[in-house]
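Have a look at the structure below before the remarks.
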Amino acid sequence: MERFFFVAFRLHFPPMDQHQASSRIRDLTAELNEHNHRYYVLDNPIISDAEYDKRLRELQDLETDFPELILPDSPSQRVGSLPIAGFEPLTHTIPMLSLANAMDEQELLDFDARIRKDLEIDRLDYVIEPKLDGLGVELVYINGLFSAGSTRGDGFNGENITQNLRTLKSLPLRLRNNKRPIPPYLEVRGEVFLGHKDFEQLNQTQLDNDKQIFANPRNAAAGSLRQLDSRITSSRNLLINIYAAGRIDDFSVDTHMDFFQALKDWGFPVNDRYELCSGIAPVIAFHKQLEADRESLNYDIDGSVTKVNSLSLQDQLGIRSRSPRWAIAGKFKARQEVTKILSIEPSVGRTGAVTPVANLEPVHLGGVMVARATLHNQAEIDRKDIREGDTVVVQRAGDVIPEVVKAILDKRPPGSQPYLIPERCPVCQGHVLRLEGEAKHYCQNISCPAQIKGRIEHFVAKRCLDIDGFGTKLVSQLVDTGRINSIADIYSLTAEQLADLDRMAEKSALNIMEAVETSKTADLWRLIHGLGIRNVGEHISKVLAKKYGSLRALGKASADDLEATHEVGPIVARGIVEFFKETDNLTLLTKLVDAGLNPEQDSAISKEGKFVGLSFVFTGKLEIFNRDSARELVESQGGSTAASISKNIDYLVAGPGAGSKLEKAAKLGVQVLTEAEFREMAEV
Ligand code: IVH
């Protein structure tokens, strides 16, 4: 049952004076918090919902009349407040560590043996608890009042999500002090998660509103917690359980069990499925019990966490790399089911990767209905020989996207055919290719609608065309409203089109227009990098810009010529050639050039000199030259250099210690020079 907050009618007449109001507000706040704690933390309410709502309305009326008297822990502060622009970073006083994993029973035994040996102790007490599958957060209380909360982030710095955490109904806004004193400064850590029912309800609402659904409760919790509008967070019924300490001043207990008791005394929600175990055997038994109970819980857990109970022994064991040596996460086995593949469908991602996805006869897998599973790539399909119509085993491993494990061959229908990823993109009809050395097929058309947002985001990024102000959100808005459909469209945008967008000030629109204009004069390597050709990163873009000097020259280069470039191998070369073969890409490049983007770079490779048309490879130890200076010399004289021998190479310059390159040169008939002979040729 869910309590809700609303204001209906006034209960006080005539109005109170300030003094009376202050005292009544204090009483009501304390009383409502007490009921809230009983309802949401202890699951043991003593008044009816109607009674609760009546008191809440009285409080809200008083708060409306005396807003200056609203207390920081008032239950009315849980409904969320106006949206914020973004989250501020927040540094954790003590880093939030991660946990080492035990994949099976043996690894739990190894963990126990290892730390007992270090501590020279025969038997250790452990506490085992569920590993909640949500998001790690930290809460800070100053003098008992909730004052800040943050995400785990990278463990060192998280994001300040205080406003959102404040809306969680089981999170105490003020700590209780009737059982034990409250430390002046207290940090605790815990997990925010979403129950299965609320997850399903949320997805139904998303569907009803034509919005994207969440893949699992964890993603839904993450999406809810990272809302800039805390009123949305407030509507999501997020749960929180506390399980660890950060910095706590003026407080000490001896064991993790005692710490849990302190947490409960202060009013924190603690998951009650924990157990004190003497030695590792009962830990393993409890882990198995948790695994068996997993399906009947109404929230996701993805394993167990076992912690050394004694805090002084925890201290002795300390930390290794980024996880404590006194704790371990016990993983559960992946959950599997048998179902049937109705069809296989190629799905195109933001990078152009084409992933085969199996449409399944829906099946329950660990509490979630699964109707689609990834087949990863063609090689995986071939290896497992998975076909349309097959009866298959599916699993959720680590609670990511479900995957097809294997086909049950006895049940294969007659006449089935091996599945092949189509040669044309299902979204744009562009060519779909798998390049040598790559696992995935890619749609080669960079204006493919499935890729367009990702492509534009990359193009405008700092390390590419560096168009300031052109963020993810703007790209999304522009594509969704049909204002841009390809990279080239960036250059035909008008200030009016930009200013028309939601929340775009005229000034920012002009700034963006200016940044777009400036990008036309960007260096060639930035443009090459911005095109997002497969395997052509920033460094290779610089190498190519230097060698070819213009996009036109790069587009004309043959695979052989590209491969004869130092640092460019066959895979990169093929990617470039395929890119320039795709007609849609050529149309796009023409548009970019027409828009005024046509950077040229003085090619470092001279058009004249002794080595024009000749290519060199260097190997072994050189006496006078180092590799770089030898390479520069060749290029300054119009030649080119490469890292490996192919039939396109004219000379191999080999110093002492030269290895396999010599043999390869002999096989391919490439002439071999000593360093002295090379110097003679170069006349240096
Ligand atoms: S203890 C030093 N206890 O698991 C370890 N973590 O992989 C402090 N988690 O980031 C964490 N349930 O978000 C602990 N009962 C539990 C947990 C738990 C889930 C998460 C937590 C942490 C991650 C570590």
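Summary table
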| quantity | calculated |
| --- | --- |
| Rounded to whole Hz, the Karplus (6.51, -1.76, 1.60) HN-Hα couplings of the stretch 53-64, x for glycine and proline | 5, 4, 5, 5, 5, 4, 4, 5, 4, 5, 5, 5 |
| ILE161 long-range amide H proximity, modeled H, under 5 Å | GLY149, SER150, THR151 |
| Amide H contacts under 5 Å for PHE146, placed H, 5+ residues apart | ARG174, LEU175 |
| Karplus (6.51, -1.76, 1.60) ³J(HN,Hα), θ = phi - 60°, over the stretch 27-41, in Hz, Gly and Pro reported as x | 4, 5, 4, 5, 5, 5, 5, 4, 5, 4, 4, 4, 6, 8, 9 |
| In sequence order, calculated HN-Hα J values of the stretch 260-268 (Karplus, 6.51, -1.76, 1.60; Hz; x Gly/Pro) | 4, 5, 4, 4, 5, 4, 6, x, 7 |
| Sorted by Cβ density within 10 Å, fewest first, the residues ARG350, ARG123 | ARG123, ARG350 |
| Loop sites in the stretch 579-621: GluC sites (Glu not before Pro), DSSP, at most 15 other Cβ within 10 Å | GLU608 |
| Cα-based shape type of the chain, given that a ≥ b ≥ c are square roots of the gyration tensor eigenvalues and the cut on a/c is 1.5 | prolate |
| Relative contact order of the stretch 543-684, defined on C-alpha pairs under 8 angstrom at six or more residues apart (%) | 24 |
| Cα-based reach from LYS264 at 17 Å (exclusive), listing lysines while leaving out same-chain residues under 8 positions away | LYS169, LYS179 |
| Percentage relative contact order, the chain, counting C-alpha pairs under 8 Å, at least six apart | 9 |
| Residue-averaged [θ]222 nm for the chain, counting only DSSP H segments that reach four residues, each worth -39500 (n - 2.57) | -10000 deg cm²/dmol |
| For the stretch 299-458: rounded, prolate or oblate by the Cα gyration tensor [a/c cutoff 1.5] | oblate |
| Cut-off under 5 Å, modelled amide H: who pairs with LEU168 long-range | none |
| For peptides 588-597, 518-527, sequence by mean Cβ density within 10 Å, most packed first | 518-527, 588-597 |
| The stretch 604-684: equivalent-ellipsoid semi-axes (sqrt of 5 x gyration tensor eigenvalues, Cα, Å) | 19, 15, 10 |
| Protection proxy ranking of 179-190, 219-230, 99-110 - average other beta-carbon atoms within 10 Å, highest first | 219-230, 179-190, 99-110 |
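We did not get these values from a lab; they are worked out from the coordinates using the rules stated. This structure is a prediction, so every number in the text was calculated from the model and none was measured. Backbone-built Cβ (ideal geometry, glycine too); neighbour counts: all protein chains shown.
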